[in-house]
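To keep things clear, I will list the structure first and then write my remarks on it.
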Amino acid sequence: MSNSTDEETNTSMTRGERVRAAARSLRTPRTASWVATETGVSVKTAQKYLEQLVADNVLRKITQGEQTRYCVDQLMATYREVATLQREHDREKLTAALASMRAKITAWKTSYDAETPGELRASIAELDDKAEINTRREVATEWEHLEDRIPVIRAALNEYEWAQRRDSISV
């Protein structure tokens with residue numbers, strides 16, 4: 001661990017909590033050995049908790065040659081995110097958020113004469129103004145983020161009624 005705050009957190013968490021926390025933050029597939037090193041546990045302990053997370057559909061296990069790697073199960077994470085959106089926001093808020101995202105993208109397309117974030121990034125090569133270059137990079141990043149979010153919000157809206165019926169508790 002790199003600093004005293006990390007070390008304090010490391011000692012206040014159980015081995016399982018450390019492995020679970022590290023596993024949930026994986027952005028790229030990692031081996032149990034890597035997770036063990038990052039969390040200060042044995043490889044056997046890391047494997048135990050990683051396998052539990054695979055069984056719970058939090059992680060996916062990928063075999064590449066002779067190596068087993070673990071990564072966040074994006075499909076299940078998306079399902080959980082859709083359910084959270086449906087539970088925490090009403091249909092009108094989700095619809096307004098979707099409309100706002102689309103409006104931003106439409107405005108960027110018009111403002112920058114670009115059809116995609118990639119085209120916007122490519123336009124940076126023609127610029128000298130550092131502020132404008134930074135602005136376009138930020139807009140392209142935000143644009144990519146919104147393009148990732150739109151399908152999730154659409155899924156939440158598409159199945160909103162069904163989810164509300166399934167999620168209601170009978171008394």
All positions within the stretch 150-162 that are over 17 Å from L75 (Cα atoms) and either outside the structural domain of R80 (by TED's automatic domain parsing) or of a type in the set (A, V, I, L, M, F, W, C) (or both): L157, W162
Unmet criterion (only one of (1) closer than 30 Å to R166 by Cα; (2) surrounded by fewer than 18 Cβ atoms within 10 Å (Cβ to Cβ); (3) touching a Lys or Arg at 6+ places or on another chain (Cβ under 9 Å); (4) modelled with pLDDT under 90) for V58: (2)
Determine, yes or no, whether A77 is within 29 Å of R154 (Cα to Cα) and small (G, A, S). yes
Pairs needed: first member in the stretch 22-38, modelled with pLDDT of 90 or more and surrounded by 18 or more Cβ atoms within 10 Å (Cβ to Cβ); second member anywhere, assigned to a helix (DSSP H, G or I) and of a type in the set (D, E); C-beta distance under 9 Å; at least 6 residues apart or different chains. A22/E38; R30/E38; A32/E51
Considering only residues of the stretch 56-90 that are among the hydroxyl-bearing types (S, T, Y) and within 18 Å of the chain's Cα centre (by Cα), which is farthest from R30 (Cα to Cα)? T84
On the basis of being touching a Phe, Trp or Tyr at 6+ places or on another chain (Cβ under 8 Å) and either hydrophobic (A, V, I, L, M, F, W, C) or closer than 27 Å to A96 by Cα (or both), does W162 make the cut? no
Those residues of the stretch 96-145 which are of a type in the set (S, T, Y), in a helix (DSSP H, G or I) and over 20 Å from the mean Cα position of the chain (by Cα) amount to S100, T106, T110, S111, Y112, S123, T135
Can you tell which of T135, T84, T110, T78 is in contact (Cβ under 8 Å) with a residue 40 or more places away in the chain and among the polar types (S, T, N, Q)? T78
Over the stretch 78-103, the set of residues surrounded by fewer than 15 Cβ atoms within 10 Å (Cβ to Cβ) and either in the same structural domain as A21 (by TED's automatic domain parsing) or of a type outside the set (K, R) (or both) is T78, Y79, T84, E88, D90, E92, T95, A96, A99, S100, A103
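The values are calculated or read from the model by the stated rules, or taken from the named source; none is laboratory data. The shown structure was predicted, so the numbers you read here are calculated from the model rather than taken from an experiment. Heads up, the Cβs are rebuilt from the backbone with ideal geometry, glycines too, and the neighbour counts pull from every protein chain shown.
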